[in-house]
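Below is one structure, written out as structure tokens; comments come after it.
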Amino acid sequence: GIFILSPLYWFSDRPEALLIAQAVIVGLSGLILYFLAKKVLKDAFAAFSIIFSFFLFVGLQNAVITDFHEVTVATLPLALTFWAVVFKKLKWFIIFGLLTLGFKESNFILGFAIGIFIMLFDKRWFRVGVLTSLFSLLYGLIAIKLIIPYFSGGIYQYTEPLVLSKIITVFWDNPVKIDTILKTFWSFGFLPILSPTFLILIFQDFFVRFYSDLGSTRINLGLHYSALLAVIMAGSSAYGLKYLKSKIKNQKLFNILLLVII
């Protein structure tokens, strides 16, 4: 996916160009999420409160300031994928969904979860959700079993066997994991809990990071590991806030809630 950034080197050969581009892309993803939240909430200030939480989420800030990584750049196509689902733009969903998958082979798990999310989110797109999940699994199989081994001499170093006992305890077998989950939800005012259709997307992200034994940085809010989760949390927060708005009829009280979230 990052080949899209190659034209930057027509203008500059400095490595800092990638860091600047990455920051701009994250900024654009926030703009897309603002339009999405405004569509859902019909309230500009409410949408701003969501984006405020998005940009100040330490997991996203660390992704921008610590290094350049394709996962951080993928925040924009992922945000556009959700935008396409909410605005019912099927052609754009296909384009941005493919881009999201193409940024990293492990994104096939995210794609699979997006398919399930769509099935639950909108029955009119149920078939789209099924095809999304199936295609994502096929993409992951081809990328991991054929494409990457072909170029790496038959090696794919991130494969781990699934162990039932580890699957059951993966979210709480380390206090750092519990701390990461709580701080992530806290950063968005626990609003995603009120939009259960998004929970499969949220916890697939935690699962992929927590199940691996590749290092402690994957289970905290450091580096780039929470970048895509930030997009998911923002989208789910918009729908969580929509639920609260339906329950709180007093606009002044609702605005106070928005200030508390900020």
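Readers should treat all values here as calculations from the given coordinates under stated rules, not as data from a laboratory. These figures come from a predicted structure and were not determined experimentally. Ideal geometry is used to build each Cβ from the backbone, glycine not excepted, and the neighbour counts take in all protein chains shown.
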TODO: Let me know the whole percent of all Cα-Cα pairs from region 12-100 that are separated by more than 22 Å.
DONE: 32
Task: 21 Å Cα-Cα reach of Lys166 towards lysines, excluding residues that sit fewer than 8 places from it in its own chain - done: Lys177
TODO: Averaging sequence separations of C-alpha pairs under 8 Å and six or more residues apart, then dividing by the length of region 170-244, give the relative contact order as a whole percent.
DONE: 44
TODO: Bin all alpha-carbon pair distances of the chain at 10 Å intervals from 0 and give each bin's fraction as a whole percent.
DONE: 7, 29, 36, 22, 5, 1, 0
Open item on the list: For q values of 0.14 Å⁻¹, compute log₁₀ I(q)/I(0) with the Debye formula on a Cα-only model of region 1-43, without solvent.
Closed with: -0.46
- [ ] Considering Cα pairs under 8 angstrom that are at least six residues apart, work out the relative contact order of region 75-147 and quote it in whole percent.
- [x] 25
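In whole Å, what three semi-axes, largest first, describe the equivalent ellipsoid of region 72-139 built from its Cα gyration tensor (square root of 5 times each eigenvalue)? Please list the in-between numbers first.
On the way: eigenvalues 59, 39, 16 Å².
Calculated on Cα positions only, the semi-axes equal 17, 14, 9 Å.
Using alpha carbons only, what's the Rg to Rh ratio of region 55-101 with Rh from Kirkwood?
Working: Rg = 12.4 Å, Rh = 11.5 Å.
Looking at region 55-101, the ratio lands at 1.08.
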Task: Cβ-defined net charge surrounding Ala23, 14 Å radius [Lys, Arg +1; Asp, Glu -1] - done: -2
Task: the chain: relative contact order in percent, alpha carbon pairs under 8 Å with at least 6 residues between - done: 27
Open item on the list: Can you compute the radius of gyration and Dmax for region 186-255, using only the Cα atoms, both in Å?
Closed with: 14.7, 49
TODO: Would you work out if region 108-262 is rounded, prolate or oblate? Take a ≥ b ≥ c from the square roots of the eigenvalues of the alpha-carbon gyration tensor; rounded if a/c is under 1.5, else prolate when a/b is larger than b/c, oblate otherwise.
DONE: oblate
